[in-house]
Structures are given as structure tokens and as C-alpha cells.
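Where a number appears in this text, it was derived from the coordinates with a stated rule and is not lab data. What you see is a predicted model; the values in this text were computed from it and never measured. Quick reminder, even Gly has a Cβ in these numbers, built from the backbone with ideal geometry, and neighbours come from all protein chains shown.
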Amino acid sequence: MELSGSEIIIQFLKDEGVKHLFGYPGGAVLHIYDALQKQDDVMHILVRHEQGATHAADGYARATGKPGVCLVTSGPGATNAVTGIATAYMDSIPLVVLTGQVPSHAIGSDAFQEVDAVGVTRPCVKHNFLVKDLTKLAETLKKAFYVATTGRPGPVVVDIPKDITAPHIKIPYVYPKKIEMRSYNPTSKGHPRQIKRAVDLLLSAKRPIIYSGGGIIMGEASAELRQFVRKLGYPITQTLMGLGAFPGTDPQFIGMLGMHGTYEANMAMHECDVLLCIGARFDDRITGVISKFCPYAQVIHVDVDPASISKTIIADVPIVGGAKQVLTEMIKVLDKTEKEVDSNALEAWWKTIAAWQSQDSFAYDKNSDLIQPQAAVEELYRVTNGDAYITSDVGQHQMFAAQFYPFDEPRRWINSGGLGTMGFGLPAAMGVKLAFPDKDVACITGEGSIQMCIQELSTCLQYDTPVKIINLNNRYLGMVRQWQEFFYEKRYSHVYMDSLPDFVKLAEAYGHVGIQVDKPGDLHDAMKEAFKLKDRTVFLDIITDREANVYPMISAGKAHNEMDISPLQQQKQASLKAEGELV
Amino acid sequence: MRHIVSLLVENESGALSRISGLFSARGYNIESLTVATTEDPTLSRMTIITTGSDRIIEQITKQLNKLVDVVKLQDVTEGNFIEREIMFVKVKAEGESQRAEVHRLSEIFRARIIDVTDTTFCIELTGSGDKLEAYIRAMHENNIIEVVRSGSMAILRGEKALTL
């Protein structure tokens, strides 16, 4: 089969099983768009900004486990995509981003719409390629998909000069089924002796805890994690990125940990004597101050990326390997060993945890005349039976979503954890809805974040992706305001959004449905109404309490046991103390 | 601690910038970096001299290994190794006594004079960084016109080798 470069790209995508391509045309990719127009197998989604393309592809990848694929033009097309690429990089999401480039002969001449895309994206990709030779095009594309999806996944950029895609130059094409790269051989199997040591250490624990992260989800190890954790009967906490891998409603799950984690999860981290970290990387939002991190714990760290191990926290038992493979081996060792869980110690440990839980660290004012953001998330949970795909933007609403929408399945909770990219939620929701048109998809956002990629409402109409936008509108950049309240004596600097659009009218202008609610009593009906409109994108503008805060909070320089707790929890602590329940 | 890390990398245009970019992005030190192709034209060999605590060096080697262009890596300082650097020095050499002085000094350091004009000598000297610095100190400062140093390269003694 003789194909042009453009035809090779399209044919390759088909052969690779790519169904959706998120992109935006421009000069350097005109040949590719011409080839794209002549076929129906790969559906192209025309976004309204390249950042939207990368986030949509990212959301698609997080929800499906398949790589997300983008096509953008040179220069501004590539630079606009950078935020989305960096977002995927920080959360280890497999993306393949094809960027057009000026013709080979013009590279380096400051040509129109020229930017060194390989140079610009280098620090935020797993790898990138510049295609210099048409005969290497198919092989390079295969390498890109291989690198993006294996080991610790990540985004890969392929920069393609315009002359490579010229329609009149044709060469034979064969789909490269397999690729060998001598310099890239990701490890997936853990070391058997280390695995044995880890299980022994876990069984010797008096106060164990399992802390798992996004690696479980990316590594498709959710079933193995559940089996392993249930066999042990130990408490488990999960990172923001890991939610859903272990069921959020399971009593063994003691909540998210870290800066805005539950009181019990953070206290248990501080007091534990053996910590199994699997598929997580001791991010600074998890550890609090390193010098006071888990002072009594021996640490087992399982990660597919050797560079993550002992990067910030020294591992006593390091295991390099994929979460699925390592957990499978751990279960085997556990089944064979004669050692047993110290059930007396475990019972005492669970009692301690229960006492922490009784303080109800997420308590909020349920009698307020104002809509509490937490109540809005709880209502969303009820209306969707806890079974929706939830994307979020970044800020207070993101934390409320993570705290009040317990996920029982992996890949349901889709948010920008590492980079913290505002504007992620709406395009990501679009990507998810394209992958799962029959599922409920909601984007929990705020009036600040939603405006960063609001133009994608237009894309939602064009491609009929009826998502529900749950806008927790507090007329503040809430998380920044919270920090200014706590750490800058309420000097609110540039956090007041005093010229907000009428979101209802805005939604209508884009051809969607807009609903505003500002009374707690109207929340349920409005939410019901939004989800009843199955085939419409609904913008639910929820006017919430302006000064609601996210609790608990570990502030800078503090340890897990030094959380700032809510006024309600303080009251509860005082009354428990008075009753002699708390010492 | 000072470490010498030797790398075999794909001989591709982006490889060098990926590696130097890694050092600057993560705040690691580079004392020197040398690179040239090997007997296999698809491979380059890079020698990086860096400093840091054991933990930092561990991170550096792990992060380097993670780069897709890096085929193989060796911390040479963990073994018994030979380290050399090459230097060219262009010096003023005017008049009999000055020319004789440069000659004498170069003999002491086993340097070679590789270019001669009426007014200058160009000297080639190989050795450890310390030796090269000692030569520069010994040469009168005012006489030095130009110094070019290659940066260190290193190889393990014995049978152990960095090959594919």
C-alpha cells in the first residue's frame, strides 16, 4: 500500500485502534486535515482552543485507560497545547500529541507560526520526536504510542514538518505491530525477595496502613488492591489521584489523606508503624513537612518508576514494579505464608481509628440559609446514585468533590492533581462523555475555573456531549481566598470576581440549558431536573456560601497530626473530652 | 561527593539537550560534560562530572536512566577508574628566555608543544584536572593567551566496561 505522510498518519491511527482525535487545524497540518476529511473511522473533534483538545484527550484517557490523541498545528497550536501536556505529564496520563511543524527546510528560519515544539515541550513530556524522514513516520508513531502507554505512562509529542505530510509523495506503508527500543525497557515485575520482605513486614505490623495512589488506576490494579487489602483487613487511605481504586464506601477505607484529607487518615499516617505505599509518590500535598512524616513507620514503597522510590521519603523496602504484578505476587505470598495478622493489635488499631472518625472532620453547617458547597456535592451524589463520572477543575470545589463524592470504581474521578490546572474540568468531561455516551458525566467546577476553558461549551453542542456543569459559585477564587483568610489576615487580594457573567444566559447563548439555584431547598429539584434532561448540556449555577472553607487542612511546615480542623470538629472534640471519650 | 557518570545515549539530535535540561530543571550540578560518538555510530558516549549527596546522585542516575534516549549508564566512581582531561594552552613565547622557560615547564608536566610561531607556543597537556590546574598556576598568568579544556573522561580499570 503506497500512502502519503498524511495518509500514513490517518491509517496508522486506524490500525492503532484510535477512535477519537481531538484537534484544531492550521497551516502546518492542512495536508493531514485533508486526509482526515476523506474517511470516517477516526472521529475528529474540533475543539475551540488547543488546551481544550489536550484536556479532552486527557479526560478520555483517564476514563478509558486508552491513550488520548490530539492533533494541533505548529507555533501557537503547539504552545496552546503545552498546559494540557504538562497536566497529563504530572498525572502520568498516556497522551499522544501530534503537532504540525513548518516545512523541514524552513525550520530554524523563524518562519510563520514556527516554534521549536520539541524544545518547548521537552520538560513536560515523557518523550518527544521530530520526524525528519517520511520513511520513519509510521515507526515513530508506533514508538510514541508504545512509550506513552507503557511503564509509567505519560504524554508523547510527535512534531511533524509539513513536507513530511505532502500529498504527492507516497511510500509503502505497513502497520508496525511491534516495536523494539534498546533504550526503553520498563520494568513491571517486582523483585520476589523484596515482595516476600514486604509481606513479612506488613504481617509484623501493629498499626499498619496502606496508602495507594493513581498508579493503581493507571496500572489497572484495582481488583488486586481490593483483594489484598481485604485479606489483610488493614485500613487504607488513598490520594486524590487514587480515589475509586478501593471503594470509597467500604469501611476499610478511612478517607483521602494529605492536605485536605480526613482527620482519621492523616492521624493514622502519623501513628502507623508500617506503611505500604503503592502507586503513589509522596507528593508534598500528601506528606506535609518531610521531617515530621510518619515518624514511627517502616516504609514499603512499590512504584513502576524507580526514580519515584526514595525520592522524598526513604523506602525501607523498595519494590520497582507495576502495581498489578506486584500485588498479584503479594497475594500469592500472603496465601502461602504461615505468619498471621496480629488480630489483637489490629483490633486496637481500628478502635483508635474509630475514635478519630467519631470527631467527624468533614462536618459542616447543615442548617444554614446559604447553600453549602459540601451539600451541593452530596446532592449530586444522591441524584446520580454515586455512579457518575465526575471531572473537576482546581480549587475548593475540587476538594469538596473529593471529600463528599465517594467513588466505588476506578476511573470515575477525573481531575488535575499534580499540576492543578484550572480549566481542566469541562473539556475533560467532554472527552469522558464521548467515550461513555450513556453514562452521567458531571463537571464540578467554580466560577473561576470554568471561565478558563468555557469556550468548549461550543464544542459540547457541536458533538452532542450532554455533560452537567455543577458550578459552585461563591463569587471568590475560593481556595486563594481561604489561604488569604488563614495566612494573610483576611487581606483578600484579587480574589473577588465582581463582574461575573450571567451563567444562565451564557449557557443559553451557547445553545444549552442554564439553571441557577441559591436556596438550599431548591437544590434537589434543580439537580434532578438537570439530570432528567439526558440529551442536553446543563449549566447548573449554584450560588453557595461565600466563605465556606475546606477542612481539615495541613498548612505549610506542619505534620499530619497538626491539622487545622473546622470549628465544628473543635466543638465535637471539646464535647468528647467532656464526656471522657477523648484523651 | 564528586561523581563521574558515564552514559551511552542514542546518537540523536535531542539527546544532549534532554540530558542538560534534566540537570537544570532539577537543580543538579554539572561540573563538566563531554560527548562524542563511539565505535558504533548510533551511540554517543557522555561523561558527566557532578557533585551531590548520595541521595542526589541516586536521583541523578535514576532520572538519567529514565530518559528514553539513555541506553546505559554507569557511575564510574563506584569502581576503580582512570580519569583524564586534555587541555590546549596558547602562551606568549617571545625572546629566548621566555621560550626556554615554557619549554622547561612543559617538560616537567610532560606536555607537548603542538604549534610554534615567532611569538607563541601552543601546548597540549593530558592528565587529571588537578594536574592541568597546576600547569596553569605554574605558567605565568600574564603569558597565557588562551586555555581550552575538554572536560574529563573516564574509564573503568580491568574487564568491566560500559558496553551494550
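Some values worked out for this structure:
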{"read-out": "Paired Rg and Dmax values of region A:467-572, which use every Cα atom, in angstrom", "value": "17.4, 49"}
{"read-out": "Filter on A:Lys126/A:Lys324; A:Lys324/A:Lys534; A:Lys311/B:Lys72; A:Lys142/A:Lys189; A:Lys19/A:Lys324; A:Lys14/A:Lys332 - keep pairs with C-alpha separation over 32 Å", "value": "A:Lys324/A:Lys534; A:Lys14/A:Lys332"}
{"read-out": "Shape metrics for region A:284-348, restricted to C-alpha atoms - Rg then Dmax, Å", "value": "14.6, 38"}
{"read-out": "Three principal axis lengths of region A:376-443 [C-alpha, angstrom, descending]", "value": "29, 26, 19"}
{"read-out": "Cross-link reach list, lysines versus A:Lys577, counting only Cα pairs under 20 Å and skipping chain neighbours closer than eight places", "value": "A:Lys351"}
{"read-out": "Between region A:64-99 and region A:496-515, the alpha-carbon center distance in angstrom", "value": "29"}
{"read-out": "Neighbouring partner chain Cβ atoms per residue of A:178-185, average, 10 Å criterion", "value": "4"}
{"read-out": "Cα convex hull volume per residue for region A:230-351 (Å³)", "value": "111"}
{"read-out": "Beta bridges by DSSP in the protein assembly as shown, antiparallel share as percent, to the nearest 5", "value": "40"}
{"read-out": "Cβ-Cβ FRET estimate between A:Asp34 and A:Met1, R0 fixed at 22 Å, reported to 0.05", "value": "0.75"}
{"read-out": "Packing rank of A:156-167, A:9-20, B:70-81, B:100-111, where each peptide gets the mean count of other beta carbons within 10 Å, highest leading", "value": "A:156-167, A:9-20, B:70-81, B:100-111"}
{"read-out": "Percent of Cα pairs exceeding the 23 Å cut-off, where the set is region A:1-91", "value": "21"}
{"read-out": "Share of pairwise Cα separations in region A:48-98, more than 17 Å, in percent", "value": "22"}
{"read-out": "Efficiency of FRET from Cβ geometry, B:Ala138 and A:Asp335, R₀ 51 Å, rounded to 0.05", "value": "0.10"}
{"read-out": "A:Asp369-A:Gln227 FRET efficiency (beta carbon distance; Förster radius 56 Å; 0.05 resolution)", "value": "0.75"}
{"read-out": "Cα-based equivalent ellipsoid, region A:381-491: semi-axes from gyration tensor eigenvalues, Å", "value": "25, 16, 11"}
{"read-out": "Net lengthening on full extension, B:Asp40/B:Ile145 (0.36 nm per residue, minus Cα-Cα)", "value": "34.1 nm"}
{"read-out": "Whole-angstrom gap from region A:467-483 to region B:1-70, using each part's C-alpha centre", "value": "44"}
{"read-out": "Relative contact order (percent, whole number), region A:230-323, Cα cutoff 8 Å, 6+ residue spacing", "value": "21"}
{"read-out": "Label point distance in nm, A:Trp483-A:Asp342, each placed 7 Å from Cα along Cα→Cβ", "value": "4.1"}
{"read-out": "All aspartates and glutamates inside 18 Å of A:Lys336 as judged from Cα atoms, apart from same-chain residues fewer than 8 positions distant", "value": "A:Asp200, A:Glu224"}
{"read-out": "Region B:96-161 - Debye-derived log10 I(q)/I(0), Cα point model, q = 0.17, 0.22 Å⁻¹", "value": "-0.65, -0.98"}
{"read-out": "Region A:31-158 pair-distance distribution - Cα-Cα, 5 Å bins, rounded %", "value": "2, 11, 21, 24, 22, 13, 5, 1, 0"}
{"read-out": "Shape box of the protein assembly as shown [Cα atoms, principal axes, largest first, Å]", "value": "102, 69, 58"}
{"read-out": "Between 0 and 90°, nearest 10: helix B:15-26 axis offset from chain B longest Cα axis", "value": "80"}
{"read-out": "Using alpha carbons only: equivalent-ellipsoid semi-axes of region A:93-161, gyration tensor based, whole Å", "value": "22, 14, 7"}
{"read-out": "Relative compactness, region A:206-251, computed as alpha-carbon Rg over 2.2 N^0.38 Å", "value": "1.05"}
{"read-out": "Simple label model, 7 Å out from Cα along Cβ direction - A:Tyr296 to A:Lys196, nm", "value": "3.0"}
{"read-out": "q = 0.11, 0.15 Å⁻¹: log10 I(q)/I(0) that the Debye formula gives for region B:32-164, counting C-alpha atoms only", "value": "-0.54, -0.82"}
{"read-out": "Test item: A:309-319 mean partner chain Cβ contacts at 10 Å", "value": "1"}
{"read-out": "Between region A:306-365 and region A:179-198, the alpha-carbon center distance in angstrom", "value": "22"}
{"read-out": "Average projected area [Cα convex hull, region A:126-270], square nanometres", "value": "12.8"}
